[in-house]
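Novice: Dumping the structure here so I can ask a few things about it.
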Amino acid sequence: MDYQKIFSNIVSQMQSFKDSGNLANYIPELGNVSPQKFGVHLVTIENSNYNLGDSAEKFSIQSISKVLSLTLAFEIEEENLWKRVGVEPSGTPFNSLIQLEHDEGIPRNPFINAGAIVVADILVSHLQNPKKEFLEFVRKLSGNSTITYSDIIAESEKSTGYRNAALCNLMKSFGNIKNDIDVVLDFYFNLCSIEMTCDELAKTFLFLANYGKNSITGDKIISTSKSKRINAVMQLCGLYDEAGEFSFKVGLPGKSGVGGGIVAVHPGKYSIAVWSPRLNKKGNSNKGMKFLEEFTTATESSIF
Ligand code: DON
């Protein structure tokens, strides 16, 4: 498949696309990114690479790293993990508090902020140095030892992270946060601050396109069964209250972040990452979603 040509065709078709979204300036530093950036990178499980635009420029992956923290926590906790976080779509915004009171502090899934904060708490409980060990894990997944946190972004989010603090406190009141809330939130803000290029992001997620094994590095990261389950949660919850729309239009397991990135995997075929910072009302990359819709349509490569 000539993915390179398909990328160029879609970008020229989309020249008239009205990208009217806003930047995620509730995290002040994210408001400083150039809104017109656009990049895409696809890597196949045979390690063929295709890219276009600003695909080699770093951006804040934000919630996309929730898949990576989930992967590590699932390895550590096995099935016990699901006693503290569910696998159901929430149908509510990623930072909503509404269901948490009703559900007695058990978040609907690991990708809404509440769920990712529980996963961060689990990692804080098990790891001696959570920030260092999580970064080592991400570097192993990506096959890239230069990937790191952005202190500027983490601090920026900490300065305005009132809703996340509220979620964490509410869950602590129900006994679903075991550690000090400041420690858990600090780790959570850091894991959201990781920066990657589209190229690095696509390669980091290759293990989920290849049944748990990174086909470039040869590392078996997780079992085939865990890979299936993580992809299932991405399919149902990866784009929050727009997960249905993403399944309907794109048809791949995917995960978004408010930095404007979206990564999606086609098991047995490829991993693809797009970046375009303007977000729609649900907090997902406006142009990124449209590009992926056009891509799976042109290549007839949705999983459905
Ligand atoms: O906690 C937050 O609000 C951000 N660090 C992450 C949110 C996010 O990326 C939601 N994604 N679309």
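The values are calculated or read from the model by the stated rules, or taken from the named source; none is laboratory data. None of these values were measured; they are calculated from a predicted model. Ideal geometry is used to build each Cβ from the backbone, glycine not excepted, and the neighbour counts take in all protein chains shown. Quick note on the areas: whole protein, heavy atoms, side chains included, nothing else; ligands and nucleic acids left out. Shrake-Rupley method; radii C 1.70, N 1.55, O 1.52, S 1.80 Å.
Novice: When the residues of segment 4-38 are filtered to those that are assigned to a helix (DSSP H, G or I) and farther than 14 Å from Gly53 by Cα, which remaining residue is modelled with the lowest pLDDT?
Specialist: Among them, the one singled out is Ser16.
Novice: Taking segment 178-196 on its own, how many of its residues are outside any helix (DSSP H, G or I) and open to solvent by 10 Å² or more (accessible area, probe 1.4 Å)?
Specialist: So the count comes out to 4.
Novice: Being among the basic types (Lys, Arg) and assigned to a helix (DSSP H, G or I) is the filter here, so list the residues in segment 39-71 that pass it.
Specialist: Listed by number, the list holds a single entry, Lys66.
Novice: Scan segment 157-175 for residues that are more than 13 Å from the ligand (Cβ to nearest atom) and open to solvent by 10 Å² or more (accessible area, probe 1.4 Å) and report the count.
Specialist: Residues flagged as more than 13 Å from the ligand (Cβ to nearest atom) and open to solvent by 10 Å² or more (accessible area, probe 1.4 Å) within segment 157-175 amount to 6.
Novice: Let me ask something additional. Which residues, counting only those in segment 86-119, are within 27 Å of Thr148 (Cα to Cα) and either in a loop (DSSP other than H, G, I, E, B) or open to solvent by 10 Å² or more (accessible area, probe 1.4 Å) (or both)?
Specialist: Result: Phe94, Asn95, Asn109, Pro110, Phe111, Ile112.
Novice: While we're here: Check Leu68, Leu72, Leu100, Leu81 and return the single one that is within 15 Å of the ligand (Cβ to nearest atom) and more than 17 Å from Gly257 (Cα to Cα).
Specialist: Leu100
Novice: I've got another one for you. Among the listed residues Ala154, Ala166, identify the single one that is under 28 Å from Leu236 (Cβ atoms) and either modelled with pLDDT under 95 or in a helix (DSSP H, G or I) (or both).
Specialist: One residue alone meets the criteria, Ala166.
Novice: When you go through (1) away from the ligand (no atom under 15 Å from the Cβ); (2) open to solvent by 10 Å² or more (accessible area, probe 1.4 Å); (3) of a type outside the set (Lys, Arg) one by one for Leu206, which number turns out not to apply?
Specialist: (2)
Novice: Please give the strands (runs of 3 or more DSSP E) falling wholly within segment 228-304 in which 1 or more residues are within 20 Å of Ser96 (Cα to Cα). Before the answer, list the steps.
Specialist: Numbers: elements: 254-256, 261-266, 270-275.
By residue number, 254-256.
Novice: Counting only residues that are of a type in the set (Val, Ile, Thr) and assigned to a helix (DSSP H, G or I), how many does segment 197-225 have?
Specialist: 2
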